[in-house]
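Okay, structure first, notes after.
The values are calculated or read from the model by the stated rules, or taken from the named source; none is laboratory data. As the structure is a prediction and not an experimental result, all values here were calculated from the model. Note that each Cβ is placed from the backbone with ideal geometry, even for glycine, and that neighbours are counted across all protein chains shown.
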Amino acid sequence: MGRAVRRAHSRGNSLAVIFKPTELNGAWIVEPERHVDDRGLFERLWCAHEFAEYGLPTNFVQCSRSRTRKRGTLRGMHWQSDPHAEDKLVRCTRGSIWDVIVDLRPDSPTRLEHVALELDAEQGRALLVPKGFAHGFQTLEDDVEVIYHMTEFYEPAAARGARWDDPAFAIRWPIPSPILNPRDASYPDFADVD
């Protein structure tokens, strides 16, 4: 995350969306610029003009929400295969999560590298997950809510997953022995995914 922070130019409003590139090309941390006063705060979470200014997706077609009851629950690592690959904008709207993405693109110089960061409702930042990346998160507290905006419709036949603790990913999860559902617990190593 050593590259410069970019602030998009807003149209008709002094607030903007702030874009921070990650070490993985195409993946961005998206932060709202906040206006705080005695009433509370106001912030812009997404703007098609500002995303387009950086060549980022603006055609989100579906939005989903997950609620997770228990701290330490892990959801991942998931993606959709071509031709249903999707960009995702992920934001934690209640509680906090350890959010992780892995670059799966075959020709990428950062293939199998990952970025991990905390997303929480208080800060309001999001992570833009590009096509060709696996995504997963672990809850850092009880009663967590996550919102996903996707550029493709969910297609069950295109749903893929790899083991959360695959040695090829070398992800250091903050809470050992996570709570997993049977599907996530049964995923193979990425090398064995069809």
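Candidates A126, A121: the one that is more than 18 Å from F190 (Cβ to Cβ), of a type in the set (A, V, I, L, M) and surrounded by fewer than 21 Cβ atoms within 10 Å (Cβ to Cβ) is A121.
Looking only at segment 44-90, filter to residues that are among the acidic types (D, E) and closer than 19 Å to R105 by Cα; which one of those is surrounded by the fewest Cβ atoms within 10 Å (Cβ to Cβ)? Write out each step before concluding.
Narrowing segment 44-90 to residues among the acidic types (D, E): 50, 53, 82, 86-87.
Narrowing further to those that are closer than 19 Å to R105 by Cα: 82, 86-87.
Numbers: D82: 8, E86: 25, D87: 21.
Step by step, filter segment 44-90, then rank; the result is D82.
Quick check: is even one residue across segment 7-19 surrounded by fewer than 19 Cβ atoms within 10 Å (Cβ to Cβ), at pLDDT 95 or above and farther than 30 Å from P176 by Cβ? No, that holds for no residue.
Looking at segment 57-73, can you tell me whether even one residue there is closer than 22 Å to I18 by Cβ and either part of a strand (DSSP E or B) or in contact with a Lys or Arg (Cβ under 6 Å, 6 or more places away or on another chain) (or both)?
So in segment 57-73, the residues closer than 22 Å to I18 by Cβ come out as 57-60, 63.
Applying the additional criterion that residues be either part of a strand (DSSP E or B) or in contact with a Lys or Arg (Cβ under 6 Å, 6 or more places away or on another chain) (or both) yields 63.
Yes, because at least one residue in segment 57-73 is closer than 22 Å to I18 by Cβ and either part of a strand (DSSP E or B) or in contact with a Lys or Arg (Cβ under 6 Å, 6 or more places away or on another chain) (or both).
Given the conditions (1) over 22 Å from S186 (Cβ atoms); (2) in contact (Cβ under 8 Å) with a residue 60 or more places away in the chain; (3) β-branched (V, I, T); (4) assigned to a strand (DSSP E or B), which single one is not true for V90? All conditions are met except number (2). Counting only strands (runs of 3 or more DSSP E) that sit wholly inside segment 14-56, those with at least 1 residues that are closer than 15 Å to Q123 by Cβ and of a type in the set (D, E) are 28-32, 40-43. Condition (residue is of a type in the set (G, A, S), surrounded by 16 or more Cβ atoms within 10 Å (Cβ to Cβ) and either more than 26 Å from R94 (Cα to Cα) or in contact with a Phe, Trp or Tyr (Cβ under 7 Å, 6 or more places away or on another chain) (or both)) applied to segment 159-181: is it met by at least one residue? Within segment 159-181, one or more residues are of a type in the set (G, A, S), surrounded by 16 or more Cβ atoms within 10 Å (Cβ to Cβ) and either more than 26 Å from R94 (Cα to Cα) or in contact with a Phe, Trp or Tyr (Cβ under 7 Å, 6 or more places away or on another chain) (or both). For L45, state whether it is at pLDDT 95 or above, within 29 Å of V102 (Cβ to Cβ) and within 18 Å of the chain's Cα centre (by Cα). When the stated conditions are applied, L45 does not pass them. Pairing residues of segment 173-190 that are over 22 Å from L117 (Cβ atoms) with residues that are of a type in the set (D, E, K, R) and part of a loop (DSSP other than H, G, I, E, B), at Cβ distances under 7 Å and at least 6 apart in sequence or on separate chains, gives Y187/R163; P188/R163; D189/R163; D189/D166. When E113 is tested against (1) closer than 19 Å to R67 by Cα; (2) surrounded by fewer than 19 Cβ atoms within 10 Å (Cβ to Cβ); (3) of a type outside the set (K, R), just one condition goes unmet, and that condition is (1). Take V144 and tell me if it is in contact with a Ser or Thr (Cβ under 6 Å, 6 or more places away or on another chain) and farther than 18 Å from R65 by Cβ. Spelling it out, it is not the case that V144 is in contact with a Ser or Thr (Cβ under 6 Å, 6 or more places away or on another chain) and farther than 18 Å from R65 by Cβ.
The lone criterion from (1) buried (at least 16 other Cβ atoms within 10 Å of the Cβ); (2) modelled with pLDDT under 95; (3) among the polar types (S, T, N, Q) left unmet by T22 is number (2).
Residues being touching a Cys at 6+ places or on another chain (Cβ under 8 Å) and either of a type in the set (D, E, K, R) or in contact (Cβ under 8 Å) with a residue 24 or more places away in the chain (or both) are represented in segment 96-112 by at least one member.
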